[in-house]
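*Asks:* Mind having a look at this structure? Questions to follow.
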Amino acid sequence: MHRPWVAPKRAMDGTAVGPDNDWVLLERRAQLTALADYALDACAGRGRLVFVAGEAGIGKTALVEAFAGTTSDLRVTQGACDGLFTPRPLGPLYDVASELGGPLLVACRDDSPREQLFALLLEELRTQPTMLVLEDLHWSDEATLDLLRYLGRRLKELPVLLVATYRDDGLSARDPLRVVVGELGTQRSTRRIDLAPLSQSAIDALAGSVAASGTELHRLTGGNPFLVSEVLRGGLGTIPPSARDAVLARVAGLHDSAARVAEAAALLGGRVDLALLAAVAGAVDRDLDELVASGLLVSEPSALRFRHELTRMTIAQEIPAHRAVGVHGAALAALVERGGDDARLAYHAEGAADAQAVQWFAPRAAERSAALGAHREAVAQLERALRFTESLSTKEVAQLWTELSIEAGLVDRWELAATAIEQAVILWRQVGDPLRIGDALRVRATAEWRLCLRQAPATVREAVTVLEPLGRSPELASALSRLAVFEEDPGAVLVVADRAEELARELDLPELVSYALNTKACALSARGESWEPAMVESLRIAQSTRSDAEAGRAYANYQGLLSAARRWTDLDALTAEGLAYCEEHDIATYGYCIRAAHGEAMLSRGRWEEAIALAQPLVDLQASPVNIVGPLCVVGLARARRDQPEAMASLDEAVRLADQTDDLEWRLTARVPRAEAHLLADDEPAARADLEPCLHAGLEGVSPELYDALLLWLRRAGLDPPDQSRRDVAVPVELALAGRFAESAAAWEVIEMPYDAAWALLDSGDVDLVREALNRFERLGTTAASRRARQSLKRLGAISVPTGARAATRAHPAGLTPREQEVLALVAEGLTDEQIAGRLVLSVRTVHHHVSSLLAKLAVCSRQEAAQEAGRRGLLSVG
């Protein structure tokens, strides 16, 4: 079988992989060797997840197939995501089940819950060394991404080589695959193989076999193996301007019957279902043989497939509309008779313009997708159904819009959610159903809040007003639960949440009991009262009743309250647990909340790089406004403190979004950080402009940690803080406001907030304490705060004010201080902080700060990575 990017041995740089060793993969020696090494690890029980990434046509499938053809130690099974408009949930898993059979296949056919499917696959993988290939993840549904997460976290002791291929070009900033790759990339068992285009020398070798110009070929194709192949197959004398023309030229050379079969196959998917193709297009062996001979299709032991997805897409896009409708109609009829899955049937129903069939299959496919946790696909199916509503009643259309809003919210598409529920409200008003109107208003309020729109409180109050006359209903319980969140005074929050909880318990609605308890815990925390029992009970109820959204909310708010209490160890453990839950249950909205709050905790602890690593992806993903304000503040502050560019732009955007609300908490969340950044830039008027409006607002409902920060930054900006006698404040803040700055710094140190401790010393106005503040800012790498400390020393008349990092620090390639160099050397030896403290006669806390600082300067996230980076850069011998 000819491969497009192989050449005779004399022209190659690779490893022989053909059955007769007469052809080889070009310029893939290193990648094949890496796969062989990872396979050995898997056979030894050290599972590996390998991401194989590259642009379309780069040869990902060829690499994987080449390696699979050489391994005899691993059972090979594979599944692929389909390039159809709406992926079928867990399509690759069903492919694998068809190959492996057994209990997994039975469970798939029985439409078992996805947790059971995941567990059965895991058990099957334990039985023998296996190479499991998941192809084309750029088309994956969310349930498949959750399967990847599930396996990726459990691989390290399994005899499994899990190879996941995807295109890394053209992925949108919001694509969930980006998040998954980033998350699993932190696992010790994860590896990555990136495929580069072919070099000029490789193309020269290929071109030489047909006496073509390698230089011209490289110019036309950029070294993309697929494009090289298409151009060479079309003949250099008539080089087409693109691969599209090359594919169409090949189709034009087919007999009419084979061309019609190719068109039908292109509309049926990348892997050719021969029985379906025969039913749809009357395909016979002669047609299939011609398609294989032309290179459009590739023959495999169990099926045929398009040689490349670009080939399929090119053919599909060129099919005249009237013929495409006919093919889809025939496919729909054949699949209905055979019992095809609803997602595929809905796709062909739309292609056939069969509105009745769309309305039957698309909502069913949406329901199944939601049940499997594939909410993105549920959204797509509901959108499909809403394109064919002519025969539906107003009530039926309103219900579709309502369901679309709810599903869109679960995947953080809040603008779509808001648009959909607005349509639903209009239609429910036309129907005249007050129960549905009130419930839709409650859903709309949620979307408005997520978009930072100030009308959200008024909307949920209207919902309660509409629902209360109708009696005690689940819809009223839901609206009251939501109304409690919008009350500003914690006492009022508790009153409404108690009403919601009472009604929810009366109506046996455990998910709403969980919601109300969660809200009560937050209000109790704001009042300085015991909150944790209510939150623990909220989480327990949500998990035990499989109320996934409520469990996600409980994890997010629980984490936030632990952060406010500076309980870092508990917070780290809960964060890991909460992220795993949200990812495995496809609750993107709350998963984003948890990552954002974790970034804020890292910022509080002076771990700048970790904070940015957590927050920046959320900014890049363009998450919903509520989910992006916090990350913008984290990124902006981490950069402002270190004099890095674009800091103020992030903070300005956070303020813009927060100011769209009437929520004082949100406005302060963005304005207090921006005021700090202004002060670091020596712009006190701008800082006061951010903070002064806060002096005239009622601060009773503001969270304790934000209230504490406001008091300190008001004072630093030269403004008199409000009378804090009406509220308790944290011990370090109380000490600072009382002028006991050294004690305040010590108290900040106890709760592991070194940056705040340094600021307490800077606030003192004492030369010795300010000099110590400067030393601490220097260790933390906060150059902007260091500059402010030097200015303070000069104003205080200090002698010999340091002008910057010491010469030894500046001379070090990574900017490490002499003490940090000593600590790095001991970290590389594998010593713990306690052992380093004993060796250098320092406190454990001081060692911790040195380690955090050197991690930041080396741009790594762990001690092991620091040792590896130091060895790579030769830093252990410096000084």
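The values are calculated or read from the model by the stated rules, or taken from the named source; none is laboratory data. What you are looking at is a predicted structure, and each value in this text was computed from that prediction instead of being measured. Using ideal geometry, Cβ is built from the backbone for each residue, glycine included, and neighbour counts are taken over all protein chains shown. The area values use the complete protein model at the heavy-atom level, side chains included, leaving out ligands, DNA and RNA. Shrake-Rupley method; radii C 1.70, N 1.55, O 1.52, S 1.80 Å.
*Asks:* Per the Kirkwood formula on distinct C-alpha pairs, the Rh of the range 512-562 is how many angstrom?
*Replies:* 10.3 Å
*Asks:* If you don't mind, another one. If you fit an axis through the alpha-carbon atoms of helix 510-526 and take the longest principal axis of the Cα set of the chain, what angle between them do you get, 0 to 90°, nearest 10?
*Replies:* So the helix axis and the longest Cα principal axis differ by about 30 degrees.
*Asks:* Separate question: Name the shape class, rounded, prolate or oblate, that the alpha-carbon gyration tensor gives for the range 649-701, where a ≥ b ≥ c are the square roots of its eigenvalues, rounded holds for a/c under 1.5, and otherwise prolate holds if a/b is larger than b/c and oblate otherwise.
*Replies:* Values: a/c = 2.47, a/b = 1.34, b/c = 1.85.
It comes out oblate by the Cα gyration axes.
*Asks:* Further question: State to the nearest 20 debye the size of the charge dipole of the range 592-681 about its Cα centre, where the only charges are +1 on K and R beta carbons and -1 on D and E beta carbons.
*Replies:* In debye, rounded to 20, the range 592-681 gives about 240.
*Asks:* Residue farthest toward the positive end of the dipole of the chain, with Cβ of Lys/Arg at +1 and Asp/Glu at -1: which of A867, G152, H696?
*Replies:* So the residue we want is A867.
*Asks:* Among G739, F118, L134, whose Cα lies farthest out toward the positive end of the dipole of the chain, if unit charges sit on the beta carbon of Lys, Arg (+1) and Asp, Glu (-1)?
*Replies:* Final value for the positive-end residue is G739.
*Asks:* Putting +1 on Lys and Arg Cβ atoms and -1 on Asp and Glu Cβ atoms, find which of V655, G578, A677 reaches farthest to the positive end of the dipole of the range 576-722.
*Replies:* A677
*Asks:* Taking all protein chains together and a probe of 1.4 Å, list K395, K857, K520, K794 from the most accessible to the least accessible.
*Replies:* Output order, biggest surface exposure first: K794, K395, K857, K520.
*Asks:* Only four residue types carry charge here, +1 at the Cβ of Lys and Arg and -1 at the Cβ of Asp and Glu. Report the dipole size of the range 662-709 about the Cα centre in Debye, rounded to the nearest 20. Display every interim value, and only then the final one.
*Replies:* On the way: 4 positive and 12 negative charges, 18 e Å.
Charge dipole, the range 662-709, about its Cα centre: 80 debye, nearest 20.
*Asks:* Leaving out ligands, DNA and RNA, what percent of the accessible area of the chain is carbon and sulfur, probe 1.4 Å?
*Replies:* After summing per-atom areas, the C and S share lands at 51 percent.
*Asks:* What nm value, rounded to one decimal, do you get for the distance between D111 and S544 when each label is placed 7 Å out toward the C-beta?
*Replies:* Result for the modelled spin labels: 3.0 nm.
*Asks:* Continuing with the same structure: So what's the angle, to the nearest 10 degrees on a 0 to 90 scale, between helix 355-371 and the longest Cα principal axis of the chain?
*Replies:* 50 degrees
*Asks:* By average Cβ neighbour count within 10 Å, what is the ranking of 461-470, 649-658 from highest down?
*Replies:* Values: 461-470: 17.2, 649-658: 20.6.
Ranking the peptides 461-470, 649-658 by packing returns 649-658, 461-470.
*Asks:* List residues of the range 387-407, by number, whose backbone nitrogen lies under 18 Å from a label position 7 Å along Cα→C-beta of E367.
*Replies:* Output list for this probe position: 392-393, 395-407.
*Asks:* On C-alpha positions alone, give me the angle between the axis of helix 29-43 and the longest principal axis of the chain, in degrees, nearest 10.
*Replies:* Long axis of 29-43 versus the principal axis of the chain: about 80 degrees.
*Asks:* Hey, what number do you get for the chain at 222 nm if only DSSP H runs of n ≥ 4 count, each worth -39500 (n - 2.57), divided across all residues, to the nearest 500? Intermediate values should be presented prior to the final figure.
*Replies:* On the way: 46 runs with 567 residues, N = 879.
The helix contribution divided over the chain gives -20000 deg cm²/dmol.
*Asks:* Let me ask you something else. Could you give the alpha-carbon Rg of the range 627-726 over 2.2 N^0.38 Å, rounded to two decimals?
*Replies:* 1.00
*Asks:* Oh, and also: Regarding the range 328-439, what's the average projected area of the Cα-atom convex hull, expressed in nm²?
*Replies:* On the way: hull surface 27.6 nm².
Directional mean of the projected Cα hull area for the range 328-439 stands at 6.9 nm².
*Asks:* Find the centroid of the Cα atoms in the range 447-498 and in the range 339-390, then give the distance between the two in whole Å.
*Replies:* Cα centres, the range 447-498 to the range 339-390: 33 Å.
*Asks:* Kindly report, to the nearest 10 Å², the accessible surface of W531 as traced by a 1.4 Å probe over protein heavy atoms only.
*Replies:* Accessible area of W531: about 30 Å².
*Asks:* For a protection proxy built on the mean count of beta-carbon atoms within 10 angstrom, sort 35-47, 414-426 highest first, please. Walk me through the intermediate numbers first.
*Replies:* Values: 35-47: 17.8, 414-426: 21.3.
Result, highest mean first: 414-426, 35-47.
*Asks:* Once a ≥ b ≥ c are taken as the square roots of the eigenvalues of the Cα gyration tensor of the chain, is the result rounded (a/c under 1.5), prolate (a/b larger than b/c) or oblate (a/b not larger than b/c)? Write down the numbers at each step before the final one.
*Replies:* On the way: a/c = 2.25, a/b = 1.35, b/c = 1.67.
Since a/c reaches 1.5 but b/c is at least a/b, the shape of the chain is classed as oblate.
*Asks:* From the Cα trace of the range 589-667, what convex hull volume per residue do you get, rounded to a whole Å³?
*Replies:* Looking at the range 589-667, the number lands at 84 Å³ per residue.
*Asks:* Mind checking the dipole of the chain: about its Cα centre, +1 per Lys or Arg Cβ, -1 per Asp or Glu Cβ, Debye to the nearest 20?
*Replies:* Value, rounded to 20: 2120 debye.
*Asks:* Still on this structure, I have one more. Please state the Cα pair-distance histogram of the range 495-596 with 5 angstrom bins from zero: what percent is in each bin?
*Replies:* Computed distribution, short to long bins: 2, 15, 24, 25, 19, 11, 4, 0.
*Asks:* While we're on this one: Taking a ≥ b ≥ c as the square roots of the eigenvalues of the Cα gyration tensor of the range 244-369, is the shape rounded (a/c under 1.5), prolate (a/b larger than b/c) or oblate?
*Replies:* Cα axes put the range 244-369 in the prolate bin.
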